[in-house]
Every structure is written in C-alpha cells, then in structure tokens.
Amino acid sequence: MSSVVVRRLMATMPNTMSFKQGLSLWCPQSAALNRIPRVSVPSKSFRRSFVAAASFDNENREYVVVGGGNAAGYAARTFVEHGQANGKLCIVTKEPYAPYERPALTKAYLFPLDKKPARLPGFHTCVGAGGERQTPDWYKEQGIEMLYEDPVTGVDIEKQTLTTNSGKLLKYGTLIIATGCTASRFPEKIGGNLPGVHYIRDVADADSLISSLGKAKKLVVVGGGYIGMEVAAAAVAWKLDTTIIFPEEHLLSRLFTPSLAQKYEQLYQDNGVKFVKGAKIKHLESGPDGRVTAVKLEDGSSIETDTVVIGIGAKPAVSPFDMVGLNNTVGGIEVDGQFRTSIPGIFAIGDVAAFPLKIYNRIARVEHVDHARKSAQHCIKSLLTAHTHTYDYLPYFYSRVFEYEGSSRKVWWQFFGDNVGEAVEVGNFDPKVATFWIDSGKLKGVLLESGSPEEFQLLPKLARSQPSVDKAKLQNALSVEEALEIAQASLKTEAAV
C-alpha cells in the first residue's frame, strides 16, 4: 500500500492514547505522520482500526470546540495565531451562524430599521475586540471544520467521542467546552411559552422579538438587569408603551447603589418608560388567539401588553458534560487556572466555566463577553505553548444604551473590580457620574458613566492595584474629574512607596 494511502488512513485514527490511570497522551498529527514507515500490506488489526476510525463524522479531530459563541470564536483565532487550526480544529455549534459578538443582540441589533441596526456579518467575532471579522469563509480559509445546527447531546469520556443531535459520532483528542448559558425561562404553566413572550440568547430569538416589536403597542420587560435595561432602551426607539417589572427595589441591584440606580431610572422615565418595582409575577394571561395579553401580579393587579420580554438571568449550559465535574456553589464546570477540568484533555471556557478568581481568592463564574474572550485566549495559549500562568481576571462589566440616531442622551458606563464596602458617589449624571467602592481603606471597585477614553483606561489600573484612598477627599470632590485625580494620585503614591 502506498505511503499516501497510509497517510489518509492514519489521518482518520484517534490522536491520543489513553492509559488506565486516566492520563491522555496527545500525539500531534504532523509528527505522527512523519514517523510512519512505508508498508505494503496492512494487518487485520490495522484494517479493523481503520473501519472503526472511518465511522467518525468529523475530519478534524485533534481539537474539538463545543459551542459557537464568543468563546469559540476567540478560541479559533488563538488556534490560528499559533498555527494549530488548519486540519486540526473542529467547532460544533447548535447555531446556523459562525461565532458572533453576542452582546449586540440586546443593543444595536434591536434598533428599528431607520436607526441603522446591527446585522450579520457585521458583528462576527472578533470585531468586538478590534480583531478580524471571522465570517464563515474565514473558517474555511483557515482549515477549520464547522459543524452547524447540530448540538452535542452526549459524550463518552473513555472513548473520547461525542454524539450530536443528528446522530453524528465525533472523535476528539482535546475537548474544549464553550457551551455558554441558556436563558432562564418562565414555566409553561404560568405562560412562559405563550406567543408574544420572548427570551434573547441567539440571533433567532432576536429576530423573533424584532418581528413582534414591529407590530407591538405595549411592551412589558420582566427583569431589571442588563437585558431588561437594554431591551427597554431599544423599545424607546420603537416608540412603544414600555414597562419594566422586577422584584428588587431598584435597577441592576447586584451592582448599582440605590442612588446610582435612581439616576438611571430617571433617564428611562424621561424617555417614557414606566417601572413596577418590588413586584412578583403570578402568571401571564392570554387572549382567545392564545397570544399574551397581560401580566398578572401577585398583588392582584394586571398590566396589559401584547409583547413580553423575559430577562431574568441565565443558566450555565453544562449538559451533557455534567460528569466532567460541576461546582455546586456558582454553577458551571469547575476548572483550574488554565481552564483544565478534572478530566485530562478536557477544558471549559467562557460563561460555563467556574474558575479561580485569583485577585479575590474565590471561585467565580462570570457571564460576560470580556471573560469569554480572555478565558478562551488564556486556555488555548496554555494548551499550545509552555504558558503556565494562572488566569488572573479582573471583573469588568459595561452597558451601552440609547445609542441610536436621534437619542437625546447616549449612555455608556464601565465598571471594574468588586462592589464591596462603602460606596462614594461623585457627580450628578449631567454630564457624568462615578461611584467608588472602598473597603478597609482600599479602593476595591469603580464605576464611571460617560467617561473619556483616558478616564476609562484608568479604571482597571485602580481596581487591580486597590490603592489606599482618602475617602473624605473623594466625598468632598466637586467633580468626577477631581475624584479621579484623587484616586490616581493614590495610585502613584502607592507605587512610589
């Protein structure tokens, strides 16, 4: 048999050898092929192995990424940067699209057509971080195998295989789980699946909502977090009668102080948005055609509506990888500082990963695009190189709303660090506002609304360094600029000590 045939046969063979102790030894395809001797007649065992190997449905088996979100897109870019994608990397996704920057779905994607909404291919990864737009053609050009619209439904850790919804059997040498999260839903028995009720997690969800917004008159948004605030802001551009309902006492209660939240709430109210705070929903009501018509609250009151968006959080999409090892405190798949799970050769990145948050010495799971990008890059770099540094992530959150044409006030805030200790607020929101969190004399976190590029660049330096800061000086600052100068001076003083 010719060496060419042998090479083709070996390309279908698994790239790892498993030992009883659970150790997985990875063997690069290129190196293995270079050592293959010329043979004339394959043995019976070789032919049996070939038949078994040929039954796999993916050609690229060295690395398999499960999931098609932000983390998968940035992982692909990192594989390419290290020359390890072509003929080696396979990405399996339930979506019909190549990985894209998911935050756009609750921001510019929801703008009316006359407000220049975002559309694919405009926000494929990695444009959100200033990188190349990775369209489907990009993946083909890089030799990356893409399996679309086929979620993984099973995994055999011993055989290192995956099964998909369509029945495909996939082989992997190294597995990277990047399944992200699924939207938390209302139970069907209280109307969670009624026509006119929407959740947003992917392009199909957003397209369905846009179709409803074009016909809607009254919108109810359930949830006062990121999704609720962003969807309600977009609804203003559609000129809809919009109400936000949430059980907490103020918007974004996990981050905003009551005083800060009041400023944002006033902005929304100035744009015609109504709030129902501290409310619990009993059920959603429907009309004769089955479509949602009202939101019934536990206090007996009802709010009429023809469209509902539910934004009450998300759950890590761990299935079918439960056996890899879950964290019962924060949810998700538990990993170490290089995103290795308890199973050799299996990694988890992005929203689904429960990782050591080194700066605060605790295990965390972060649902944010910044972490999805950075965790993917750190994991793949550690996998492919001698890089052994522990992931050292600084929590970062942001939101941008009312950014469409004709808006009287565009909102863009950024937060870095930890919102613990006492909060000091400076500024009156016109034109900007900042909040500093101080714990035991140390600056732990900082939020800035409508800052300049230079001011935003200062925030992570402050949050990571955690300098000692004079709280009284911050409280007496007459402007945001003065407060930031005080904080920056503390940073310089500490560096000089």
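The values are calculated or read from the model by the stated rules, or taken from the named source; none is laboratory data. Note that the structure is predicted; figures quoted are calculated from it, not measured. Cβ coordinates were reconstructed from backbone atoms using ideal geometry, including for glycine residues, and neighbour counts include every protein chain displayed. The area values use the complete protein model at the heavy-atom level, side chains included, leaving out ligands, DNA and RNA. Shrake-Rupley method; radii C 1.70, N 1.55, O 1.52, S 1.80 Å.
Taking the options Leu383, Leu443, Leu394, name whichever one is hydrophobic (A, V, I, L, M, F, W, C), in contact with a strand residue (DSSP E or B) (Cβ under 9 Å, 6 or more places away or on another chain) and farther than 30 Å from Ala178 by Cβ.
Leu443
From the list Leu209, Leu219, Leu240, which one is farther than 27 Å from Gly67 by Cβ and either of a type in the set (Ser, Thr, Tyr) or open to solvent by less than 10 Å² (accessible area, probe 1.4 Å) (or both)?
Checking each option against the conditions leaves just Leu219.
Suppose we filter region 151-185 for residues that are open to solvent by 20 Å² or more (accessible area, probe 1.4 Å) and in a loop (DSSP other than H, G, I, E, B); how many remain?
The qualifying residues number 10.
Out of (1) open to solvent by less than 40 Å² (accessible area, probe 1.4 Å); (2) within 20 Å of Glu141 (Cα to Cα); (3) in a loop (DSSP other than H, G, I, E, B); (4) not β-branched (Val, Ile, Thr), the odd one out for Pro117 is which?
Failed condition: (2).
How many of the residues in region 189-218 are small (Gly, Ala, Ser) and closer than 23 Å to Leu120 by Cβ?
Looking only at that region, the number is 6.
How many residues, within region 201-220, are in contact with a Leu (Cβ under 6 Å, 6 or more places away or on another chain) and either assigned to a helix (DSSP H, G or I) or closer than 16 Å to Pro96 by Cα (or both)?
Residues that pass the stated criteria total 1.
Count, please, the residues in region 271-288 that happen to be without any contact (Cβ under 8 Å) to a residue 12 or more places away in the chain and either under 30 Å from Phe436 (Cα atoms) or touching a strand residue (DSSP E or B) at 6+ places or on another chain (Cβ under 7 Å) (or both).
Result for region 271-288: 1.
Mind listing whichever residues of region 404-432 are within 27 Å of the chain's Cα centre (by Cα) and buried (at least 17 other Cβ atoms within 10 Å of the Cβ)?
Passing the criteria: Tyr404, Val411, Trp413, Gln414, Phe415, Phe416, Gly417, Asp418, Asn419.
Looking only at region 349-385, count how many residues are in a loop (DSSP other than H, G, I, E, B) and not hydrophobic (A, V, I, L, M, F, W, C).
Qualifying residue count for the region: 5.
Within the set of pairs 6+ apart or on separate chains, which have a first residue in region 467-491 that is under 15 Å from Leu448 (Cα atoms) and free of Cβ contacts under 8 Å to residues at least 12 places away in the same chain, a second that is surrounded by fewer than 15 Cβ atoms within 10 Å (Cβ to Cβ) and acidic (Asp, Glu), and C-beta atoms under 6 Å apart?
Cβ pairs passing all conditions: none.
Among the residues of region 291-310, count how many are of a type outside the set (Val, Ile, Thr), open to solvent by 10 Å² or more (accessible area, probe 1.4 Å) and in contact with a strand residue (DSSP E or B) (Cβ under 7 Å, 6 or more places away or on another chain).
5
So, Ala235, is that one touching a helix residue (DSSP H, G or I) at 6+ places or on another chain (Cβ under 9 Å), assigned to a helix (DSSP H, G or I), among the small types (Gly, Ala, Ser) and at pLDDT 95 or above or not?
yes
Determine whether region 145-160 contains at least one residue that is of a type outside the set (Ser, Thr, Tyr) and in contact with a helix residue (DSSP H, G or I) (Cβ under 6 Å, 6 or more places away or on another chain).
Yes, region 145-160 contains at least one residue that is of a type outside the set (Ser, Thr, Tyr) and in contact with a helix residue (DSSP H, G or I) (Cβ under 6 Å, 6 or more places away or on another chain).
Name the one entry in Tyr199, Tyr148 that is surrounded by 19 or more Cβ atoms within 10 Å (Cβ to Cβ), modelled with pLDDT of 95 or more and in contact with an Asp or Glu (Cβ under 8 Å, 6 or more places away or on another chain).
Tyr199
Yes/no matrix, rows are residues, columns are (1) over 16 Å from the mean Cα position of the chain (by Cα); (2) of a type outside the set (A, V, I, L, M, F, W, C); (3) modelled with pLDDT under 95; (4) at positive phi:
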{"residue": "Ser40", "(1), (2), (3), (4)": "yes, yes, yes, no"}
{"residue": "Ala53", "(1), (2), (3), (4)": "yes, no, yes, no"}
{"residue": "Gly73", "(1), (2), (3), (4)": "no, yes, no, no"}
{"residue": "Glu101", "(1), (2), (3), (4)": "no, yes, no, no"}
{"residue": "Ala108", "(1), (2), (3), (4)": "yes, no, no, no"}
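Among residues belonging to region 52-65 that are of a type outside the set (D, E, K, R) and open to solvent by 10 Å² or more (accessible area, probe 1.4 Å), point out the one that is farthest from Val369 (Cα to Cα).
It comes out as Ala52.
I'd like to check something: does region 349-357 contain any residue that is surrounded by 18 or more Cβ atoms within 10 Å (Cβ to Cβ), in contact (Cβ under 8 Å) with a residue 12 or more places away in the chain and more than 15 Å from the chain's Cα centre (by Cα)?
Within region 349-357 (the criterion being surrounded by 18 or more Cβ atoms within 10 Å (Cβ to Cβ), in contact (Cβ under 8 Å) with a residue 12 or more places away in the chain and more than 15 Å from the chain's Cα centre (by Cα)), the answer is yes, since at least one residue qualifies.
When the residues of region 81-114 are filtered to those that are part of a loop (DSSP other than H, G, I, E, B) and without any contact (Cβ under 8 Å) to a residue 40 or more places away in the chain, which remaining residue is least open to solvent (accessible area, probe 1.4 Å)?
Pro99
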